[in-house]
Amino acid sequence: MILPIHVYGDAVLRDEAAPLPAVSDDVRALAADMIDTMRGADGVGLAAPQIGRGDRIFVVDLTPMLGKNDEVAGDYPAQPMVFVNPEITWESEEETGFEEGCLSIPDIREVVYRPERVRMTWTDLDGKAHDDVLGGLLARVAQHEYDHLDGVLFTDHLSAFKRKMLGRRLRAISRGEVEADYPLHIG
Ligand code: ZN
């Protein structure tokens, strides 16, 4: 089921999400809705606060970002991926810049610098524990989504100058002056 996406200015995007006690059928149903919502919006990642839920869970589907010749099963695990109760336990010193967007901040894209690789632990929908070093696009998207669980948005990583430049557009989104070709939850 496709759910409306909460936009910049909504308090739920600034709250710290709470760990899920277990991978229940409810969590599997939530993950299925999140995957439907992400794909319906042509996104590559979605975190629970974006659909108004304060749970530590996010979903990723890199398929749209991978070239036709990229083996999803090679460098990247099978997509989509579901991360329940993720924790970043290590970050590489090397950082890379990459242009990011966010389904909760329509039409704004900016280069964000993040660690090139991170080590992350999480639980999947089968209840299996993972502990992996993520690189490339997966590291990029996973860090963006992980931030959402701590109430952090990609615009927070920009310079004060860049944020000032974007201020008017961000305030307009906060006021509900925003459109997207997917359902939004405004106010
Ligand atoms: Zn986002």
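The values are calculated or read from the model by the stated rules, or taken from the named source; none is laboratory data. All figures in this text were calculated on a predicted structure; none of them were measured in a lab. Positions of Cβ are generated from backbone atoms using ideal geometry, with glycine treated the same way; all protein chains shown enter the neighbour counts. Note: areas computed on protein heavy atoms with side chains; ligands, DNA, RNA excluded. Shrake-Rupley method; radii C 1.70, N 1.55, O 1.52, S 1.80 Å.
Some values worked out for this structure:
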{"item": "Residue under evaluation Tyr76, criteria (1) modelled with pLDDT of 95 or more; (2) over 11 Å from the mean Cα position of the chain (by Cα); (3) closer than 20 Å to Asp126 by Cα, criterion not met", "result": "(1)"}
{"item": "Any hit, segment 71-83, residues being without any contact (Cβ under 8 Å) to a residue 60 or more places away in the chain and β-branched (Val, Ile, Thr)", "result": "yes"}
{"item": "Among (1) within 30 Å of Pro21 (Cα to Cα); (2) touching a residue at least 40 places away in the same chain (Cβ under 8 Å); (3) open to solvent by less than 50 Å² (accessible area, probe 1.4 Å); (4) not in a strand (DSSP E or B) - the single one Asp126 does not satisfy", "result": "(3)"}
{"item": "Selected residue (only one of Ser92, Ser24 is open to solvent by less than 40 Å² (accessible area, probe 1.4 Å) and of a type in the set (Ser, Thr, Tyr))", "result": "Ser92"}
{"item": "Qualifying residue in segment 163-173 (condition: touching a strand residue (DSSP E or B) at 6+ places or on another chain (Cβ under 8 Å), surrounded by 16 or more Cβ atoms within 10 Å (Cβ to Cβ) and under 18 Å from Val44 (Cα atoms))", "result": "no"}
{"item": "Segment 148-170, residues that are free of Cβ contacts under 8 Å to residues at least 12 places away in the same chain and within 15 Å of the ligand (Cβ to nearest atom)", "result": "Val152, Asp156"}
{"item": "Some residue of segment 19-37 being within 16 Å of the ligand (Cβ to nearest atom), in a helix (DSSP H, G or I), of a type in the set (A, V, I, L, M) and more than 27 Å from Ile186 (Cα to Cα)", "result": "no"}
{"item": "Extreme residue, least open to solvent (accessible area, probe 1.4 Å), among residues of segment 38-51 that are away from the ligand (no atom under 11 Å from the Cβ) and part of a helix (DSSP H, G or I)", "result": "Ala48"}
{"item": "Checking Ala139 against (1) among the small types (Gly, Ala, Ser); (2) open to solvent by 40 Å² or more (accessible area, probe 1.4 Å); (3) within 16 Å of the ligand (Cβ to nearest atom), the condition it does not meet", "result": "(2)"}
{"item": "Count of segment 52-68 residues which are aliphatic (A, V, I, L, M), outside any helix (DSSP H, G or I) and farther than 25 Å from Ala129 by Cβ", "result": "1"}
{"item": "Yes/no for Arg119 being part of a strand (DSSP E or B), over 27 Å from Gly40 (Cβ atoms) and of a type in the set (Lys, Arg)", "result": "yes"}
{"item": "Subset of segment 98-119 [open to solvent by less than 40 Å² (accessible area, probe 1.4 Å) and either away from the ligand (no atom under 16 Å from the Cβ) or of a type outside the set (Gly, Ala, Ser) (or both)]", "result": "Glu100, Cys102, Leu103, Ile105, Pro106, Ile108, Glu110, Val112, Arg114, Pro115, Val118"}
